[in-house]
Amino acid sequence: MAEELFSDMAEHLLNSAVFTALSAFILCCFIYHLISSRQHVRYPPGPVGLPFLGSILDLIFTKKQQYEVISDWTKKYGAVFSFKLLNIRIYMVSDIRLSRDIMSNKHVTGKLPVQTLKALYGTHNVGIGFSSDEVWQEQRRFFTSFFNKADVGGIRFEELVENQVQHVLQEMERTDGKSFDPKYMIQAALTNVILRIVTGVNYDHGDPNFLLFMRLSTRLFDLFGPGGLLTLLPIVNAIPSKTGRELTETWNDTLTFLKKQIAEHRTNFDPNQEATGFMHLYLQEIARRKSKNDQRSFNDANLLESCFDVLVGGVDPTILNILYILHTLACYPEVQRRVRQEIFEVIGKDNFPRFSDRLRMHFTMSAITECRRFRSIFDILVPHVASKACKIGEYDVTKGSVVSINLFHLARSSDLWEKPEEFRPDRFLTETGEFDIKKEPIFFGIGRRVCPGEQLARMEIFLFVTYILKRFTISLAEGTPKDLPCTHGFTTHPAPYKIHAVDVVE
């Protein structure tokens, strides 16, 4: 009996020794693989993070905003650093030259999959804003060919903006000097501009369909939410949640609105008729390609999502820019006076500026640019994905990793700006008093995926600001703080505020 027990123990020890040795061998192989891999891939410095989790806990369990954590890492690790969120490596760039280089790389134009698109279309690769590869190239090329035109359906883009900003001036006049929240009138005007360009329809501000779209677009940006970098993680998007379900439902409701507009266009569609908007022109392109049996990515799904991307992406960021600019200028009456004086000197007291006049209005452009630097609506650039291995400076970018730019740092860092916490419009003027656009921070992105609607957005911001300041002196209502609270998320939203608008006394 004792011999059998001893034999069993010996066999057990032998097996345990073999198992231990085998485990040790596997572990050594794994460590060797890690070491040899790091020898072949030169990552930039950055937080080490935890095994499997990476730095995700640093973003979750902190009282700081995400952009503050990213800024702290920038100060610690330099102009390029990387970190991991679960299995995704993220590269953050805080240098203009390196930002331009990496974002101009043809292999850094991809996007991470969006779960909502998969749920709605059965594919992640659709539209303009979230697509990649050939689909993105074709859809973006078509979009820019349309928006680079000066008019649509016989109506100039600038006239559309001018008509809407005149409507805003009328609304401000009706306030009779009393305090008001400018958000709704700005939102309604800009929404009408983009709806007219996309659908070809001029909506009355009280139209139920118009009010529905306003509500949906506002809710969509709220639902994109404060998740920031965490929304890059597929596992986060895949987890069922109330916010995720509401985002899909609101996105789908917006698509339903667009489907009705497309159906109305198709009712009396004539491919030879002059296009009345982006939607009409896209239907003509589908018909043209079908006749040549060369449809490629031009189909109903990309028509629908491209219209969605243009409408939603073309409204909220510009609204936020103008709201921040109005609040900032209300804090600085002397800057308003100088802008108004330049308008009178360059344009005259009886006329309103045109977009082309910006080239002669150097202080005005500098003031607008400083407002946007002072209160940027994006903390980081919407991330891109590397489809192939490439480099940022001396560092390796691995295939499938994510690249972004620290926009907050580029706009507010004391390393780049003298006293960045101070509002100084003259910082964008040369010694001869000319506006230096080369100093402008990256407002619209950079590289191959720079915002395709940049020209329209610049026009809207310039015309809204100059029209309002020509007619009114604006000031903060009692109780409205100069240091305006804001919510950081996909975009940075100012808290509601009120201003006074009083007719200019000439």
The set of residues whose placed amide H lies less than 5 Å from the amide H of C486, leaving out same-chain residues fewer than 5 positions away, is A495
Tell me, what HN-Hα J-couplings in whole Hz come from the Karplus equation 6.51 cos²θ - 1.76 cosθ + 1.60 at θ = phi - 60° for each residue of the range 57-69, using x for Gly and Pro? 5, 5, 8, 8, 9, 8, 7, 8, 6, 4, 5, 6, 5
Along the dipole axis of the range 327-391 (charges at Cβ: +1 for Lys and Arg, -1 for Asp and Glu; origin at the Cα centre), the most positive-end residue among F355, P333, L381 is L381
With +1 on the Cβ of every Lys and Arg and -1 on the Cβ of every Asp and Glu, the dipole magnitude of the chain about its Cα centre, in debye rounded to the nearest 20, is 720
Sum up the charges of everything whose Cβ sits under 13 Å from the Cβ of W251, counting Lys and Arg as +1 and Asp and Glu as -1, but leave W251 out. -2
What does the highest-first list of 372-383, 311-322 look like by mean Cβ count within 10 Å? 311-322, 372-383
Counting Lys and Arg as +1 and Asp and Glu as -1 over every other residue whose Cβ sits under 12 Å from the Cβ of E421, the net charge comes to +2
Between S145 and R97, what FRET efficiency follows from the Cβ-Cβ distance if R0 is 35 Å, with the result rounded to 0.05? 0.70
Projected onto the charge dipole of the range 85-225 (+1 at Lys/Arg Cβ, -1 at Asp/Glu Cβ, origin at the Cα centre), which of L211, H107, F143 gives the Cα projection farthest towards the positive end? H107
Where only protein heavy atoms count, and the probe is 1.4 Å, what is the accessible area per residue for the range 367-463 in Å²? 42
Accessible area of the range 345-391 with a 1.4 Å probe: how many percent of it is carbon plus sulfur? 54
Table column - 3J(HN,Hα) (Hz), the range 190-195, Karplus curve with 6.51, -1.76, 1.60, x for Gly and Pro: 5, 5, 5, 4, 6, 5
The percentage of the accessible area of the range 73-137 (probe 1.4 Å, all protein chains present) made up of carbon and sulfur atoms, to the nearest whole number, is 47
Could you calculate the contour length gain from K76 to A287, that is, 0.36 nm times the residue separation minus the distance between their Cα atoms, to one decimal place in nm? 70.4 nm
Label 7 Å along Cα→Cβ of K482; the range 394-430 residues with amide nitrogen under 14 Å? 421-424
Taking the Cα centre of the range 254-357 as origin, sum charge times position over the Cβ atoms of Lys and Arg (+1) and Asp and Glu (-1), and report the length of that vector in debye to the nearest 20. 200
Quick one: go through the range 53-87 and flag any residue whose amide nitrogen is under 20 Å from the point 7 Å out along the Cα-to-Cβ line of A238. 53-57, 84-87
Between E345 and L53, how many nm apart are label points set 7 Å from Cα along the C-beta direction? 6.0
Residue-normalised accessible area of the range 80-224, given per residue in Å² at a 1.4 Å probe: 41
Of the labelled options [x] 32.4; [y] 25.2; [z] 21.7, which one gives mean projected area of the Cα convex hull in nm² as computed for this structure? [x]
Can you give the accessible area of R141 in Å² (nearest 10), computed on protein heavy atoms with a 1.4 Å probe? 150
Give the calculated FRET efficiency between R42 and S387 to the nearest 0.05, with a Förster radius of 30 Å applied to their Cβ-Cβ distance. 0.90
Can you work out the Karplus-derived ³J(HN,Hα) for every residue in the range 121-126? Use 6.51 cos²θ - 1.76 cosθ + 1.60 with θ = phi - 60°, whole Hz, and x for glycine or proline. 10, x, 8, 8, 9, 8
About its Cα centre, the range 427-506 carries a charge dipole, from +1 on Lys and Arg Cβ atoms and -1 on Asp and Glu Cβ atoms, whose size in debye to the nearest 20 is 320
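The values are calculated or read from the model by the stated rules, or taken from the named source; none is laboratory data. Here the structure is a predicted model, which means the values were calculated and not measured. Heads up, the Cβs are rebuilt from the backbone with ideal geometry, glycines too, and the neighbour counts pull from every protein chain shown. For the accessible areas, the whole protein counts, side chains as well, though only heavy atoms, and no ligand, DNA or RNA atoms are used. Shrake-Rupley method; radii C 1.70, N 1.55, O 1.52, S 1.80 Å.
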